[in-house]
Amino acid sequence: MSDFQKDNVALMCDIGELVGLFDFETGLDAFLAKAVSTVAWHMRAAVCSIYLYQPETQDLVLRANQGLNPDLVGRLRLKIGEGVTGMTLKEMRPICEARATDNPHYKHVPGSREEQFVSFLAVPILRKMNPVGVIAVQDPQWNYFTPNDVQALQVIASQLAGVIENAHLLMKLRGEESGPVPPPAAASDSEFGPGTHCVRGQGASNVVGMGLSTRIGQYLLKDGDGAGCPIGLTEADFDRALAATERQLLELQRRLEDKLHDAASMIFGAHVLMLKDEAFSGEIRAQIRGGKNPWTAILDEVRRYADLFAHSPNPSLREKVLDVEDLGHRLLHNLSAPTLESSGPDYTGQIIIAEELLPSDILKLSAEGAAGLVLLGGGQHSHVAILAKALQIPLVIAADQRLLHLPEKTPILLDAKEGQIIVRPGPEAIQTMQDIIRTLAESERLAGLVKSETRTKDGAEIQLLANLNLVSELDVALRVKARGIGLYRTEFPFIVRSTFPTEEEQYQGYRRVLEKMEGRPVVFRTLDVGGDKALSYFPVDHGNNPFLGLRALRFSLRNPAIFKQQLRALLRAAHGNPQAKVMFPMVASLDEFQAARNLAETCRRELEQEGVPNRMPELGVMIELPSAVMMANELAAEADFLSIGSNDLIQYLLAVDRTNDEVADWFTPWHPAVLRALDWIMRAAEKAGKPASLCGNLGSDPRMLPFLLGIGLRILSMDPMAVPAVQRQIERIDLGAAREQARRMLAMGHAEQVAEFLKTNAPAG
């Protein structure tokens, strides 16, 4: 039976829908029973089983099954390493056997009726490398399960992991957890003295902010049982606060969907889930009926949960602390508010200080009006930084723990351009920041003055495109009159979620981008994860050097079920949109490009057979690796277009980690090797008659613009806010002079020589 007949793609979509529709009132077991039925049906497997790991006993318990003796559910237990199923979790890898009995770890379970099922496939269910369980399928046909089945079941396992984790979370909230809760760690006594202090950090967005400090969860750190809380509160007040909180969460969800459709679907899931759980609200209500002030009852419960999760050995549970605190904050706010018509916590004009922020937290705080963010330690910094930049929120990542002990409402200046945090600024510092803000305002004004076309001094047209991460940035690109999107990073909806987005969700997101751009070209880069962009729900061993590990196109080709889902969504979105294009990142060889193209063609044929409208878009190659540079002629002959990823290309050509300050001085775009590589790529594109563009910071560097135009580049893609300045610079460039400058720079053999030449020939203005 073919993989198409098994319908693995439909399986992943159905499981995705199950995850979204999961109702905790019906219970986890009912959900798991539906899951095994769905998996068995789509994979045309005779048996599907789900085992869950019990950390207390360190064994696996069969919790759902289709095809084996139903009496074993809840009774069959396997030790880690026991049988093939137990070995799957012990080694944290899939095990696929053409004949299960051939595996040396095979163990027959008497009374299971499994002796008739020959083929066996088991995949571990993991959450950030923490054991959750095992999902296994069996069939009487020998060698029944294929590599694509393995990949599909891995995707399913990653989706199940999030649901199971949340179910266990609710079990803990219902008081089913065991063991003492460790005491909270003592806070540092180190604090800022009087006067102004400047803290250096890492700027993670190109904007500035001014505001008053607010520590998320600060209210939870205060001692006492509700000292200063409103008096005379009743159970009815609590019920009104509960209802108001639910309304606010739904309203914030709506606001974020309007702003960030491609990332918003699961932002408030944990909040709503906890709020609607009767055990959570019921426990608080029981304390109120026992005579406790509602304020104190909420505070005590939230503290208990926060302490429980904060000191859990499970990192996924530790991430829930902010959700718990945020929900508690909303309930207390609504309990004490004179009216319950407010939208919950209002962070307008406030600088948020936190030890940990997830991508979803950035989205929530943006919706709540935060003026800036300070992050200390932990967190997925790269993801958070991209979001903060897209949302134009100042974010500085710092290590100074004294920031955690600032009194509430301490004045702060936040310069995310330079990575500075100024605590209690004086008049001079405030004036400086105001000057910066005026400069940014001027850039906004210039955006309104940008011309619809960009031409050189001698009239040659140059296309300026935008690099984007989110739908929300489309408005900025349109405001600066970008001619299109030269790089749309499709990975962000994958990063900000706890499970893989479904094919339908991806399709809707891509279609919205194309509709918003109204016929302008849009180049979608396929999934680029790995390196500094990890998926928490799909762990991959990246080795000692993640940038040389399983990332970008290699990840997609290694996981064809995931890749096909995205390709199908892109082909569907391209229907009726001739300007939609797709490019593959980190291509290392002609073989890799052909493999990706062949998989796209397979997806096209499948969609045709299913009667689903689609179109094969132009397929391009990102040139980012030295091997791709050397194969530029062959790649240009095969691909529909080339795109130079300048940031990674420079990094890999010069063996310089662009995120490491220790070697930052060696990250030199004017290095002769970089210049000659760029020229070589352009010659290859010209020879093949294929268009070539350049993405990355290099395209907006005024020193390098004459060289880029001189070697033949006519399409530049960049941060949309760089477009006005680049346009004005290009208008001063004569192509003849640019070609001569490029010729002279290509003849130079020393980076210092090129640097001196650029200094001498620095563009005016």
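If we only count helices (runs of 4 or more DSSP H) wholly inside the range 678-765, which ones have 3 or more residues that are without any contact (Cβ under 8 Å) to a residue 24 or more places away in the chain and either closer than 18 Å to N647 by Cβ or of a type in the set (D, E, K, R) (or both)? Here the list reads 751-760.
For the range 593-604, the criterion of being of a type in the set (K, R) and in contact with a Pro (Cβ under 9 Å, 6 or more places away or on another chain) is satisfied by no residue at all.
Is it the case that some residue within the range 698-706 is within 19 Å of L625 (Cα to Cα) and surrounded by 16 or more Cβ atoms within 10 Å (Cβ to Cβ)? Yes, the range 698-706 has at least one match. With L256, L260, L233, L242 as the choices, which residue is modelled with pLDDT of 85 or more, of a type in the set (A, V, I, L, M) and farther than 28 Å from G27 by Cβ? Exactly one residue qualifies, and that residue is L233. Going through the range 110-159 one residue at a time, which ones are among the charged types (D, E, K, R) and under 19 Å from T38 (Cβ atoms)? Result: D139, D149. Filtered by the rule that a residue be of a type in the set (S, T, Y) and either under 15 Å from V109 (Cα atoms) or part of a loop (DSSP other than H, G, I, E, B) (or both), the range 39-62 gives S49, Y51, T57. On inspection, A639 qualifies as surrounded by 16 or more Cβ atoms within 10 Å (Cβ to Cβ) and farther than 15 Å from L698 by Cα.
Across the range 446-486, the number of residues qualifying as touching a Phe, Trp or Tyr at 6+ places or on another chain (Cβ under 9 Å) and at pLDDT 95 or above comes to 1. Can you spot a residue in the range 524-533 that is over 22 Å from G696 (Cα atoms) and either more than 20 Å from the chain's Cα centre (by Cα) or at pLDDT below 90 (or both)? No. Please verify whether E634 is surrounded by fewer than 17 Cβ atoms within 10 Å (Cβ to Cβ) and more than 23 Å from S693 (Cα to Cα), treating the condition exactly as stated. No.
Entry remark, the range 410-445: residues being farther than 15 Å from T196 by Cβ and either modelled with pLDDT of 85 or more or under 27 Å from the mean Cα position of the chain (by Cα) (or both) number 4 in total.
Of the candidates A738, A751, A685, the single residue that is among the aliphatic types (A, V, I, L, M) and either closer than 21 Å to A477 by Cα or in contact with a strand residue (DSSP E or B) (Cβ under 6 Å, 6 or more places away or on another chain) (or both) is A685.
The sole residue among V582, V656, V612, V629 that is hydrophobic (A, V, I, L, M, F, W, C), assigned by TED's automatic domain parsing to the domain that holds Y488, in a loop (DSSP other than H, G, I, E, B) and in contact (Cβ under 8 Å) with a residue 40 or more places away in the chain is V612. Quick check: is even one residue across the range 367-388 modelled with pLDDT of 70 or more, among the charged types (D, E, K, R) and closer than 28 Å to H311 by Cα? No, there is no match, as no residue in the range 367-388 is modelled with pLDDT of 70 or more, among the charged types (D, E, K, R) and closer than 28 Å to H311 by Cα. Filtered by the rule that a residue be surrounded by fewer than 21 Cβ atoms within 10 Å (Cβ to Cβ), aromatic (F, W, Y) and free of Cβ contacts under 8 Å to residues at least 40 places away in the same chain, the range 78-122 gives a lone residue, Y106.
What about D14, is it buried (at least 17 other Cβ atoms within 10 Å of the Cβ) and either at pLDDT 85 or above or assigned by TED's automatic domain parsing to the domain that holds I164 (or both)? Yes: the conditions hold for D14. The number of residues in the range 628-657 being over 24 Å from I485 (Cα atoms) and within 29 Å of the chain's Cα centre (by Cα) comes to 6. Tell me, yes or no, whether the range 70-77 has at least one residue that is in contact with a strand residue (DSSP E or B) (Cβ under 7 Å, 6 or more places away or on another chain), part of a strand (DSSP E or B), surrounded by fewer than 21 Cβ atoms within 10 Å (Cβ to Cβ) and at pLDDT 90 or above. Scanning the range 70-77, I find at least one residue that is in contact with a strand residue (DSSP E or B) (Cβ under 7 Å, 6 or more places away or on another chain), part of a strand (DSSP E or B), surrounded by fewer than 21 Cβ atoms within 10 Å (Cβ to Cβ) and at pLDDT 90 or above, so the answer is yes.
The values are calculated or read from the model by the stated rules, or taken from the named source; none is laboratory data. All values reported here derive from a predicted model rather than from experimental measurement. Because the Cβ atoms are built from the backbone with ideal geometry, glycine has one as well, and the counts that use them run over all protein chains shown.
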